[in-house]
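First up is the structure itself, then whatever we jot down about it.
Read-outs throughout are calculated quantities, based only on the coordinates presented, and are distinct from any laboratory measurement. This is a predicted model, so every value here is computed, not measured. Ideal geometry is used to build each Cβ from the backbone, glycine not excepted, and the neighbour counts take in all protein chains shown.
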Amino acid sequence: METVTVVGLGKIGLPLAAVIANSGYFNVIGADRNEKVVETANKGISHIQNEPGLEELLYNAWKTGTFRATTDTAKAVSQSDVVVVIVPVLVKEDGKINYEFIDAAVEDIGKGIRKGTLVIFETTLPAGDTRNRFGKRIEEISGLQLGTDFHLGYSPERVYSNRIIQDLSNYPKIVSGDNEKSLELVKSFYKRALNCDILPVSNLETAEFTKVAESVYRDVNIALANELAVFADSLGVNMKEVIHAANSQPFSHLHYPGVGVGGHCIPVYPYFFINKGLKKGLVHLSREVNDHMAKYAVDQVERILGSLQDQNILILGLSFRENVKETTKSSALLLADKLKQRGAIVYVDDPLYSSEEIAAFQVLPYSEAIREKIDAIILQAFHDQYKNFPFDHFPNCRMVLDGRNQLDKKKIEDLGMKYRGIGVQ
C-alpha cells in the first residue's frame, strides 16, 4: 500500500488521518510537533473529544497497523508517496496573517521530500500561497522541480466540528493541481482515500479562493442578520418571527443573529482577502458589525441593570460555539472584556472546561457557591448541557441576555427576570 503523511494532527488533521487509514488503500503516518498528541495517538487514543466516530476509527487503524504517529515530520515525508498538510494559519490582533506554524511544517517537508511525491495543502490559505509561498519554498529547500520532480495540489477542508467524519464523505471534495498531471493524482488520491464526490477546479488559486469565499459569505450574511436584529430591537420587532416568515419565500435565506462570531474560520478568513488587497466594502464592514455585537449585548445588560460597576455577571459558554472545546476568537472573550471595562465582575461557566482552564482567561470560574450573587446571565454558547439550565437557582438574577436566541422567554420571565435576545425582546 502507498504511504500518506498527514502533517498536523489537530481537530481536522487527526480525523482525516483516521479516515484515510481506514480506507483500505493507504498506510498513514501522522506528524505533529506536540509530543503528547503523538504519544496518545500511538496508543490508538484520540486527544480530540466530541467527534463522533473518531475514537473507533483511530483505534481500529492503530490496531490493524495502518496508522502511526511521529514528531519527525521530515522523516515521515521521506517515507511517503503523498503528503497532506493541515496545519493552521492564524490571524494576529492587527489582522495580519501569521504563517509561523505552516512555514515550519513546509521547512520539514522540503527537507524530507523525495522525487515523485504529491503534496496537497488542505489548510485554508490566501489565493496564491500554495504555489507561490509553499511550492516555491519546497523547491528551494529540496532542490526538486515543481511539476516535474514533485507534484502540488490544493483541496480545502470543508468540515464542521462534531461532524467531521460525516462531512468528509458527504461534501464534494474541491480539488486542484499545479498542472494536469498533479490534478489527476489529487483526484485519484481523494477518490480512494475518502470515497466522496470530486469537484475539480481549473487551478490552485481558484480552489484557495473558493474556500475563503465560503467563509466570507457566512460572515457577511450573519452581519446582515445582526444589523437587522439591532434595528428590529429599536422598533420592537421580533427578529426570530421575521426570519421565519421571510424565509418562507424561496429566495430569502436570512441567517440568525447572535452575540458574535467566533472560531478559526468565519472571523479569520475574511482577512485573507483583506490582506491581499480587497478594498473597503462588505467584507470589512461585516467584520466590524459582527465584532460590535459583544458591545451591543453589554449595552442591553446595562440598560436593565444600570451601572455595571461591581455587578456580578455570569457568561454561559467559554467556547466560541456550542458543544466544541475551542476558544479561538470566542465572543465570550469580547463580552468579558467589555464587561470588565465597565467595572463588572465576570464569571464564566463552561462544562467543557476545568476551573483552571477558565481562570487562565482572566475571568472567574463560576461555582454554585456564588449563585446568589449573580445579577445577570449572558448565554454565549448554547451547549447541550444548557438546555435545562437551572435559572431558578439564581434568586437575585435580574436579567438574562439570550445571546443565541435559544432560551424559553416565558420560563425566564416567570422567574421574575427580564429577558432580552438579539432582536428579541
Classify the range 271-362: rounded, prolate or oblate, from the alpha-carbon gyration tensor (a ≥ b ≥ c, eigenvalue square roots; a/c under 1.5 rounded; otherwise prolate if a/b is larger than b/c)? oblate
Quick check on the range 72-230: of the DSSP beta bridges with both residues there, what percent are antiparallel, nearest 5%? 25 percent
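Would you list Cys196, Cys265 from fewest to most Cβ contacts within 10 Å?
By the 10 Å Cβ count, ascending, the order reads Cys196, Cys265.
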Note: probe point = Cα of Glu100 + 7 Å toward Cβ; backbone nitrogen < 16 Å; residues of the range 302-338 passing the test are 328-329
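Can you tell me the FRET efficiency between Lys115 and Ser23 if r is taken as the Cβ-Cβ distance and R0 is 30 Å, rounded to the nearest 0.05? Provide the component values of the computation, followed by the final result.
Values: r = 25 Å, r/R0 = 0.82.
E between Lys115 and Ser23, to the nearest 0.05, is 0.75.
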Please work out the Cα center distance from the range 293-335 to the range 378-412, rounded to the nearest Å. 13 Å
Compute the helix-to-body angle for 54-64: its Cα long axis versus the longest principal axis of the chain, expressed 0 to 90° and rounded to tens. 30 degrees
May I ask you to work out the translational diffusion coefficient for the range 89-163 at 37 °C, viscosity 0.692 mPa s, via Stokes-Einstein with Rh from the Kirkwood sum over Cα pairs, reported in whole µm²/s? 246 µm²/s
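Starting from the Cα gyration tensor of the range 232-278, take the square roots of the eigenvalues, sort them a ≥ b ≥ c, and report rounded, prolate or oblate (rounded when a/c is under 1.5, otherwise prolate if a/b is larger than b/c, else oblate). Working shown, then result.
Numbers: a/c = 2.79, a/b = 1.99, b/c = 1.40.
Taking the square roots of the gyration eigenvalues as a ≥ b ≥ c, the range 232-278 is prolate.
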Which of Gly112, Thr124, Leu90 sits farthest toward the positive end of the charge dipole of the range 68-129, with +1 on the Cβ of Lys and Arg and -1 on the Cβ of Asp and Glu? Gly112
Fewest first, what order do Asp108, Asp103, Asp129 take by the number of other Cβ atoms within 10 Å? Asp103, Asp108, Asp129
Once the dipole of the range 211-283 is set up from charges on Cβ (+1 Lys and Arg, -1 Asp and Glu), the residue from the list Tyr217, Val261, Pro250 lying farthest towards its positive end is Tyr217
When a/c reaches 1.5 or more, the comparison of a/b and b/c decides; with that in mind, is the range 290-421 rounded, prolate or oblate per its Cα gyration tensor? rounded
On full extension of the chain, what length is gained from Ser367 through Asp310, given 0.36 nm per residue of separation minus the C-alpha to C-alpha distance? 18.7 nm
With a bin width of 10 angstrom, please list the P(r) values of the range 2-202 as percents of all Cα-Cα pairs, from the 0 bin to the one holding the largest distance. 9, 39, 39, 13, 0
Would you mind checking the pairs Lys75/Lys276; Lys63/Lys329; Lys63/Lys187; Lys136/Lys211; Lys111/Lys325; Lys181/Lys279 and listing those with alpha carbons more than 31 angstrom apart? Lys75/Lys276; Lys63/Lys329; Lys111/Lys325; Lys181/Lys279
Could you give me the percent of Cα pairs per 10 Å distance bin for the chain, shortest bin first, beginning at zero and ending with the bin that holds the maximum distance? 4, 20, 27, 23, 16, 8, 2, 0
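Out of the trypsin sites (Lys or Arg not before Pro) in the range 262-311, which ones are loop residues according to DSSP with at most 10 other C-beta atoms within 10 Å?
Loop-located and lightly packed - Lys279, Lys280.
For the pair Lys75 and Lys136, what calculated FRET efficiency results from E = 1/(1 + (r/R0)^6), where r is the Cβ-Cβ distance and R0 = 30 Å, to the nearest 0.05?
Approximately 0.80, to the nearest 0.05.
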Counting DSSP beta bridges in the chain, what percent are antiparallel, to the nearest 5? 10 percent
Would you mind ranking Met1, Met239 so that the residue whose beta carbon has the fewest other beta carbons within 10 Å leads the list? Met1, Met239
Nearest 10 degrees, 0 to 90: helix 204-235 Cα axis against the chain principal axis: 0 degrees
Computed from the beta carbon distance with a Förster radius of 45 Å, FRET efficiency for Ser188 and Glu356 to the nearest 0.05 stands at 0.40
